[in-house]
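Here the structure is laid out as structure tokens; the discussion comes afterwards.
The values are calculated or read from the model by the stated rules, or taken from the named source; none is laboratory data. No experiment lies behind these values; they were computed from the predicted model shown. Heads up, the Cβs are rebuilt from the backbone with ideal geometry, glycines too, and the neighbour counts pull from every protein chain shown.
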Amino acid sequence: MRRVLISLLAALAFSTLSISAFCSGPPVSDATDDCLACHTEATPGIVADWKKSLHAAVTPSTGMEKKVVERRMSADTVPENLKNIVVGCAECHTMNPGKHKDTFDHNGYSVHVVVSPGDCATCHPVEVTEYDKNIMANAYGNLMSNPVYHDLADQINGIQTFADMKTTLVKEGDETFADSCLSCHGTVVSVKGMRKRETVMGEMEFPILSGWPNQGVGRINPDGTKGACTPCHTRHQFSSEMARKPSTCSTCHKGPDVPAYKVYSVSKHGNIYDSLSKNWNFTNVPWVAGRDFTAPTCAVCHISLLATEDGEVVVKRTHQMSDRLPWRLFGLVYAHPHPESPDTTIMKNAQGLPLPTELTGEPVSRFLIDEEEMVERRKEMEKVCSQCHSYEWVEGHFAKLENTIKTTNEMTLTATKVLLEAWKKGAAHGLDKNDSIFNEEIEKMWVRQWLFYANSTRFAAAMAGADYGVFANGRWFMAENIQMMKDWLEFKLKSE
Amino acid sequence: MRRVLISLLAALAFSTLSISAFCSGPPVSDATDDCLACHTEATPGIVADWKKSLHAAVTPSTGMEKKVVERRMSADTVPENLKNIVVGCAECHTMNPGKHKDTFDHNGYSVHVVVSPGDCATCHPVEVTEYDKNIMANAYGNLMSNPVYHDLADQINGIQTFADMKTTLVKEGDETFADSCLSCHGTVVSVKGMRKRETVMGEMEFPILSGWPNQGVGRINPDGTKGACTPCHTRHQFSSEMARKPSTCSTCHKGPDVPAYKVYSVSKHGNIYDSLSKNWNFTNVPWVAGRDFTAPTCAVCHISLLATEDGEVVVKRTHQMSDRLPWRLFGLVYAHPHPESPDTTIMKNAQGLPLPTELTGEPVSRFLIDEEEMVERRKEMEKVCSQCHSYEWVEGHFAKLENTIKTTNEMTLTATKVLLEAWKKGAAHGLDKNDSIFNEEIEKMWVRQWLFYANSTRFAAAMAGADYGVFANGRWFMAENIQMMKDWLEFKLKSE
Amino acid sequence: MRRVLISLLAALAFSTLSISAFCSGPPVSDATDDCLACHTEATPGIVADWKKSLHAAVTPSTGMEKKVVERRMSADTVPENLKNIVVGCAECHTMNPGKHKDTFDHNGYSVHVVVSPGDCATCHPVEVTEYDKNIMANAYGNLMSNPVYHDLADQINGIQTFADMKTTLVKEGDETFADSCLSCHGTVVSVKGMRKRETVMGEMEFPILSGWPNQGVGRINPDGTKGACTPCHTRHQFSSEMARKPSTCSTCHKGPDVPAYKVYSVSKHGNIYDSLSKNWNFTNVPWVAGRDFTAPTCAVCHISLLATEDGEVVVKRTHQMSDRLPWRLFGLVYAHPHPESPDTTIMKNAQGLPLPTELTGEPVSRFLIDEEEMVERRKEMEKVCSQCHSYEWVEGHFAKLENTIKTTNEMTLTATKVLLEAWKKGAAHGLDKNDSIFNEEIEKMWVRQWLFYANSTRFAAAMAGADYGVFANGRWFMAENIQMMKDWLEFKLKSE
């Protein structure tokens, strides 16, 4: 009965839709027609957004006809019933219904709320497989299952109380975690129950999800898959223009811990992008340096397929974002060669801490990529640089970066030595006292040293955005912070 | 005589003007013709700017012919003499001459410098009335007539001197105030006198204004009206495109006290705006989600009239910007339900302080909107969200926000307790000693806790820009600041 | 032999090049043809970039035919062999081969890597001469040859170690300096040697440069010239659009020491630029206020030739960027009238320090421009303002700025007095002890006062971006910092 009503409404709705888009345009499935019948009214914004997408304009068959180097899809075949219709609401939201715990009956359809990488893999399997080998896909577990990182998060998110000159920490709730770290790292999305509510279509029942909404890169989805495609390929336009523009990366990579976007903004590359990109082509596949863009965006260096004008591949597309990265600049606690496994919880240093380096900086090599792999990755990156720069330029650039990795690690070591002295003298309580290493002021200053200042300085070197290596959270702050730690320790020892 | 000269010059000037714009174009008044005759030479930039405006292209009559939902004017009628001419220099700068203390004789015209909301109300009365009920219209008085806020401003703007290990505060002058807080809050603009000077037209006399230039939202104008339209609808193009773009709001809402723009920038909404808005329509009235834009700007959520493609109103246009806001996130000292009156100086808490909450956080409910009104405002906002998001998504979003309001208020309370302890122990001097509560370092740290860190965290939750809830002035800083306050107190007690 | 090979390759390459661009287009020299033959393959990005440039589209002859006010070249004549060919690779990279220490044999050509202002002067002599009189051209020497500034840089860049509750400074290496201060100030680029390597063309030999890559404004080039044009006119498009857009200036002027770009961003001018500049013309010469742009960018106020629509010059183009600047807002240690000589190392104050003011703020007038010159420069700037603003508006604006210069200098003096007290009491070691004045925490706090906070406040006043005068590194921080210095001093005296 309801199904009939829907179809009637659909028919009505179509009478007001543009003929070119839906009658003489590419074929839309009946199921998607049914969705559109109501959702054109219920959520008009996303319907209009989707209509602007390639998904609404091209069928998988057409997508697969292109030359490999020009294809946006990595599947060589897709299920028969999907081949000759565009990718509409129903195609994604009713895919693999049995796997999704958030599947519910919606007007006779088994619909799920959270479209996952598992669903996207139908047409984009290579991207999903690569992404899965990515640290980003593991961002939830890497934070929550590593006791050191989890404690850092608790010390940031928890509620402190104060009495008798002492502070006490009350653990944060799930909602706080979801609103802070897990915004980017991803939540666990699960079904708490069902709830009925009135809609324009009468009473309907919907699943209530915990950890929702969330668009974190390492989200654990109701179908058990890890990660999310939408942080970069945002609903419902899924625009490659957006994924290729730096502001997309900035939603997670702008803060003082990982100021990649800010550094890019003050780099010459970012400056060229800001000044001239209105004339660039952000949709061509393959993407060609010089013709389509005259300076790299984040995607150019880290992800995109680049080719020459003749269609010869320069670097392949990769969704394992560390494929062109020898170093992990992001210091935990020190910058180090990239981890081998995207699951970083497996690492243990000599002290038994789940860290890629010792507290004094030595890398725990057995969990990290070796020299050979580092060389390989740097060579891959240099292919990108070489589109515009001479070999000598590129060598000089990376020599500066390696020096900066070394010197920032040294400045982190000095800060660590002040902290160890504070622990030794009892001015603060750390590992030896089985106390958090992140709760006291000198410990927080130590965290600033590597998480804010050394990281900023290294990103600045890597992407040539000098400000962030000097006065914008850079070397000025590393140098000052050591003096502040030393003074704090002096004052503390005196005040006890 | 001079008038004749002007007319001659006008005739001359016209010979060089584009025929299409001024001969066959919409009619310009004789008075405006006279203005243009000289000002095309004297201030060519603003003349050219105005020529690009709708004011220069459309007469009020034409504006009023449109369907209500498509109208940019809210007046149903305007004075006869204005109906069929475009809105030019003279129309605004000679409006209500008797009311303007800055009116002066200028080539035979009674011209005033500062066009005020009272003048704009001729064509836009609803907007002016709504704006007047806005906290922004009261931004001058709310700062200057509230002794607590005024003292905070003095402690920021005043000149400190140092001798005998003590600092003394010398009050700032008016120019300093005008250059800092009142840049956004608005100055009192008044006529100090008249001054003759040489111009290309010979010697002329002009009023000298104090508090000028200024474009603050709560400016007190020479005609006695409050507020200014130009901060958002900037001279002389008065472009709706500009008012609808987020950078316009950023001129006052970007600092660490109220980082709305920065939060938006790292939100997914801001990211979509940054990546794709070059294809949006910023001038359509009404504005339609999905068709005209695919993510909200500040104006979409807080101000604009939104409608469906069929012209059905989704939310009405409002210039009382809190109409869709249940909470005042901006903590003074704590986040609280929005004040009922835009004049916030009338509030008194139990201690007699002109604050919306007690120092320990309890809201002073009789000055604040009630639960019912809060629900109403949130429903209004949710109509905007629902253009693209499901009910469950929206509920989940606001649940996180309410949790964050609660927890950030708790972290402010903890900081307050450290401060109260410092006052109690005499380590700092506060209310009990009749001393400023903003002049000593621990007091300034306390201000940081709510004004910078708790505010940032709440804005981040409200607009889903996670960075500002964690490492960019967010929870990391709330947590660390409490440790710093505690340590300061320890060191201070020891050093006395 | 190799030359023949190159020519063959060139012929081959041309067969695939667009006919319109290179056959019927403006003539390319044979030498540049040879470059393109390989570099279209070797570095396709910069070749494509150059093809989009005016250099690739216009010959000097054509450029010199224009009316003076419309010319982009300042040379009245150029060498005969350059007149009727476009400005290609070889024209610049083989110019003045004898002067360049980085000249090397490259396929039979004497090519140099680093194109310098000396080369650009062939067509742009006035710009190069003006730029040479600029503080920016002297940015390397002014930093490195001034012992006070050099020590500040060392204290920022050096590696600190910690033992026995003391820190020790190990001087930074050249690579660190190149990655930090000298990124903007410019390095000394010199030839370390030659190195052979395999290329697609077989084994070739290239010079190895130290201090490379670098695009600092005061770079010392291998031909002995000072400065670089490419930081603003970036290779290889040399786009005036880019030079005229504010993000170009932001690569060096965004940090907390000199936040010009950030201030601009929150100013009304910056807001208009952000909202409406997509409709502006960034390539017209001369540039006309109102017609081409409706708010100034950095270039409008500080550099560009502005004219009326009739071609009458409003202000002349200048590459001596201080021509319209009476004050040097950038406090070293205090804001002061602009230095007379761009070589600021010649200054000596009464204490013998190479500074433009005494430590207590009095300007060392004999090295600074006099009152008359200050008036002259301000008048020049006011011509720009007057394109849109009345005389009274402009006067009011600059009155606020002068007040802010005065009050921020006073707040720096107060911070200096706390520092002097610390030195006097032995809580820190300064000039009297022959110790660095930048290494201890209270000294660093003192630097923050003028380098970050007073500077931000002054830039905010100069460009009407209020945030940076209050809560974004402005007056709030000046006021708080004095309290922090005082408390530090108290704690230090007590802890000894």
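Of everything in segment A:157-188 that is aliphatic (A, V, I, L, M) and buried (at least 24 other Cβ atoms within 10 Å of the Cβ), the residue that is farthest from the other protein chains (Cβ to nearest Cβ) is A:L182. With respect to the conditions (1) touching a Ser or Thr at 6+ places or on another chain (Cβ under 8 Å); (2) within 14 Å of chain C (Cβ to nearest Cβ); (3) assigned to a helix (DSSP H, G or I); (4) surrounded by fewer than 21 Cβ atoms within 10 Å (Cβ to Cβ), A:E402 lacks only one, and its number is (1). Give the residues of segment B:254-268 that are surrounded by 24 or more Cβ atoms within 10 Å (Cβ to Cβ), more than 7 Å from every other protein chain (Cβ to nearest Cβ) and not polar (S, T, N, Q), sorted by residue number. Selection gives B:P259, B:A260, B:Y261, B:K262, B:V263, B:Y264.
Among the numbered conditions (1) touching a Pro at 6+ places or on another chain (Cβ under 6 Å); (2) crowded, with 18+ Cβ neighbours inside 10 Å; (3) not hydroxyl-bearing (S, T, Y), the only one that B:E91 does not meet is (1). Taking the criterion of being part of a helix (DSSP H, G or I) and touching a strand residue (DSSP E or B) at 6+ places or on another chain (Cβ under 6 Å), the residues of segment C:70-114 that qualify are C:H93, C:P97.
Taken residue by residue, segment A:207-225 has no member that is within 13 Å of chain B (Cβ to nearest Cβ), in a strand (DSSP E or B), surrounded by 14 or more Cβ atoms within 10 Å (Cβ to Cβ) and among the aromatic types (F, W, Y).
Going by the conditions given, is A:A137 touching a Phe, Trp or Tyr at 6+ places or on another chain (Cβ under 9 Å), surrounded by 20 or more Cβ atoms within 10 Å (Cβ to Cβ) and without any contact (Cβ under 8 Å) to a residue 40 or more places away in the chain? So A:A137 fails the test. Residues in segment A:42-95 that are under 20 Å from A:E130 (Cβ atoms), hydroxyl-bearing (S, T, Y) and under 27 Å from the mean Cα position of the chain (by Cα): A:S74 alone. Of the residues making up segment B:102-120, not a single one is closer than 30 Å to C:A415 by Cβ, within 14 Å of another protein chain (Cβ to nearest Cβ) and modelled with pLDDT of 95 or more. Restricting segment A:269-295 to residues that are over 23 Å from the mean Cα position of the chain (by Cα) and among the charged types (D, E, K, R), the residue that is nearest to the other protein chains (Cβ to nearest Cβ) is A:R291.
Could you please let me know if B:P326 is under 20 Å from the mean Cα position of the chain (by Cα) and surrounded by 20 or more Cβ atoms within 10 Å (Cβ to Cβ)? Yes: the conditions hold for B:P326. Could you grab me the full set of residues in segment A:293-323 that are among the charged types (D, E, K, R) and crowded, with 20+ Cβ neighbours inside 10 Å? A:R317, A:D323 - these are the residues of segment A:293-323 that are among the charged types (D, E, K, R) and crowded, with 20+ Cβ neighbours inside 10 Å.
Away from chain C (no Cβ under 14 Å), part of a loop (DSSP other than H, G, I, E, B) and within 13 Å of the chain's Cα centre (by Cα): is that true of A:T234 in this structure?
Criteria met by A:T234.
Sub-7 Å Cβ pairs linking a first residue in segment A:317-335 that is among the acidic types (D, E) to a second residue that is part of a loop (DSSP other than H, G, I, E, B), at least 6 apart or interchain, number zero. Considering only segment C:333-346, state which residues are closer than 17 Å to C:M136 by Cα and of a type in the set (A, V, I, L, M, F, W, C). Passing the criteria: only C:I346.
Of all the criteria given as (1) at pLDDT below 95; (2) touching a Gly at 6+ places or on another chain (Cβ under 6 Å); (3) outside any loop (DSSP other than H, G, I, E, B), the one not satisfied by C:E172 is (3). When B:T345 is tested against (1) more than 25 Å from the chain's Cα centre (by Cα); (2) surrounded by fewer than 20 Cβ atoms within 10 Å (Cβ to Cβ), exactly one condition is not met: (1).
Only a single item in (1) of a type in the set (A, V, I, L, M); (2) out of contact with any helix residue (DSSP H, G or I) (no Cβ under 7 Å at 6 or more places or on another chain); (3) part of a loop (DSSP other than H, G, I, E, B) is not met by C:L355, and it is number (2).
Candidates A:F471, A:F459, A:F438, A:F452: the one that is surrounded by 24 or more Cβ atoms within 10 Å (Cβ to Cβ), among the aromatic types (F, W, Y) and either in contact with a Pro (Cβ under 7 Å, 6 or more places away or on another chain) or part of a loop (DSSP other than H, G, I, E, B) (or both) is A:F459. Taken over segment C:202-213, residues that are at positive phi and either in contact (Cβ under 8 Å) with a residue 24 or more places away in the chain or in contact with a His (Cβ under 8 Å, 6 or more places away or on another chain) (or both) amount to 1. Taking the stated definitions as given, is C:K192 more than 24 Å from C:I135 (Cβ to Cβ), more than 8 Å from chain A (Cβ to nearest Cβ) and touching a helix residue (DSSP H, G or I) at 6+ places or on another chain (Cβ under 7 Å)? Here the answer is no, as C:K192 does not meet what is asked.
Taking segment A:416-435, which residues are closer than 14 Å to C:A163 by Cα, more than 8 Å from every other protein chain (Cβ to nearest Cβ) and part of a helix (DSSP H, G or I)?
A:T416, A:L419, A:L420, A:A422, A:K424
Remark: pairs (first residue in segment B:253-278, in a loop (DSSP other than H, G, I, E, B); second residue of a type in the set (D, E, K, R); Cβ separation under 8 Å; 6+ apart in sequence or on different chains) = B:K254/B:K262; B:K254/C:D467; B:G255/C:D467.
Among the residues making up segment B:115-151, those that are among the hydroxyl-bearing types (S, T, Y) and not in a helix (DSSP H, G or I) are B:S116, B:T122, B:S145. Residues that are at the interface with chain C (Cβ under 8 Å from one of its Cβ atoms), charged (D, E, K, R) and in contact (Cβ under 8 Å) with a residue 12 or more places away in the chain within segment A:452-496 comprise A:D467, A:R475, A:K486, listed in sequence order. Taken over segment A:237-253, the criterion of being crowded, with 24+ Cβ neighbours inside 10 Å and within 14 Å of chain C (Cβ to nearest Cβ) is satisfied by A:P246 alone. The set of residues in segment A:164-201 being in contact (Cβ under 8 Å) with a residue 24 or more places away in the chain and on the phi > 0 side of the Ramachandran plot consists of A:G186 alone. Restricting the search to segment B:34-67, which residues are within 13 Å of chain C (Cβ to nearest Cβ), among the aliphatic types (A, V, I, L, M) and either surrounded by fewer than 18 Cβ atoms within 10 Å (Cβ to Cβ) or assigned to a helix (DSSP H, G or I) (or both)? B:L36, B:A42, B:I46, B:V47, B:A48, listed by residue number.
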